[in-house]
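So the structure is just underneath, and the comments pick up after that.
The values are calculated or read from the model by the stated rules, or taken from the named source; none is laboratory data. This structure is a prediction, so every number in the text was calculated from the model and none was measured. FYI the Cβ positions are ideal-geometry reconstructions off the backbone, even for glycines, and counts take in every protein chain you see.
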Amino acid sequence: MVQLAEIVEELSTVLDRAAAEKIGKVMLQVYERLHESLVLQRLDSLENALKQFAENMLRSQEQLAKHVEEQLAAHRIETDERFRELREEFQEYRKLTDERFREMREAQQQMYAEFQEYRKLTDERFREMREAQQQMYAEFQEYRKNTDERFRELREEFQEYRKLTDERFRDLAETVRLTQEALRELALTVKDLQKQVGGLSQAFGYVLENEAMKKLPKLLLRDYGLRVEGRLKRGYVQDSSGRHIEVNLFGKAKRNGEQVTIVGESKSQLSKRDIDRFLRRTVEALQEVYPNILPIVVTHIASEPDAEEYARSLGVAVYYSYEF
């Protein structure tokens, strides 16, 4: 019978005592369970043999004795073979266990060597960090000393600067006061100039419209086959809602018996935005009252290269002052 003490002594050669005792107990339990299993198997076989023996006693005592001997011999051979196999399996398991413990011991030694190397590197790193910290502290003390000195100088400079700034603000306040007075006088002058320019612009627009009223009938007959009825005029025209809209040029004309309404706008400088505004605010508002409208724009110059082309693409006739 295998004893626990023997297994522990054997394992203690490669493991510490506590680990050897734990592993030894496990190995002993495995062995006992195997032994118990074999005994149970033998008892089962023996029970079957005795039963058979009892049945055969009725037939022949000699045949039963022979049969029992044969069965016992067979079981003995089987048991011996099984014990041999178990011994071989245990030897193989022990070999594998020894190999595994050897590998574990080598791995443990390798890990310990790596730990020692890591510990050495860590100690070196902490030493460097401690030296760097001491260096940083020394530099901080020097920086703090320089900073305190600099703040003292800045405080003195700020006091001087504040004194000069207060003096400059007093001068600036006086300058602002004088500037505000000058701006008020300038604003009055600009306002007066705006009135004068507005009057000139309005007068200039009237001159352009007056010339257009005289010359447009011939130009419209030439370009559109329109015969103006009466005279073109400027004034207010009511839309479908009764709202009065100011129109620079307004008149009636006929073409092949068809009634056409002339609605015109004068602009010293023509832009695409002016064209859109004229169509939206004037032409579209009057279309319900005067469905057949010819929109016309008279100008001195186009402020955009494609303004004239844009107007004509929307059905707006364009005439320049030099054509009058």
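Structure above, values below:
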item: Conditions (1) at pLDDT 95 or above; (2) buried (at least 16 other Cβ atoms within 10 Å of the Cβ); number of the one not met by ARG312; result: (2)
item: ASP44 being at pLDDT below 75 and on the phi < 0 side of the Ramachandran plot; result: yes
item: Per-region count, segment 241-277, residues more than 21 Å from LEU219 (Cα to Cα) and either surrounded by 14 or more Cβ atoms within 10 Å (Cβ to Cβ) or charged (D, E, K, R) (or both); result: 9
item: Given (1) part of a helix (DSSP H, G or I); (2) more than 60 Å from the chain's Cα centre (by Cα); (3) surrounded by 15 or more Cβ atoms within 10 Å (Cβ to Cβ), number of the condition ARG222 does not satisfy; result: (3)
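Rundown of residues vs (1) in contact with a strand residue (DSSP E or B) (Cβ under 6 Å, 6 or more places away or on another chain); (2) over 30 Å from VAL14 (Cα atoms); (3) modelled with pLDDT of 75 or more; (4) in a helix (DSSP H, G or I), yes/no style:
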residue: GLU114; (1), (2), (3), (4): no, no, yes, yes
residue: TYR143; (1), (2), (3), (4): no, yes, yes, yes
residue: GLU149; (1), (2), (3), (4): no, yes, yes, yes
residue: GLU160; (1), (2), (3), (4): no, yes, yes, yes
residue: LEU172; (1), (2), (3), (4): no, yes, yes, yes
residue: ARG184; (1), (2), (3), (4): no, yes, yes, yes
residue: ALA187; (1), (2), (3), (4): no, yes, no, yes
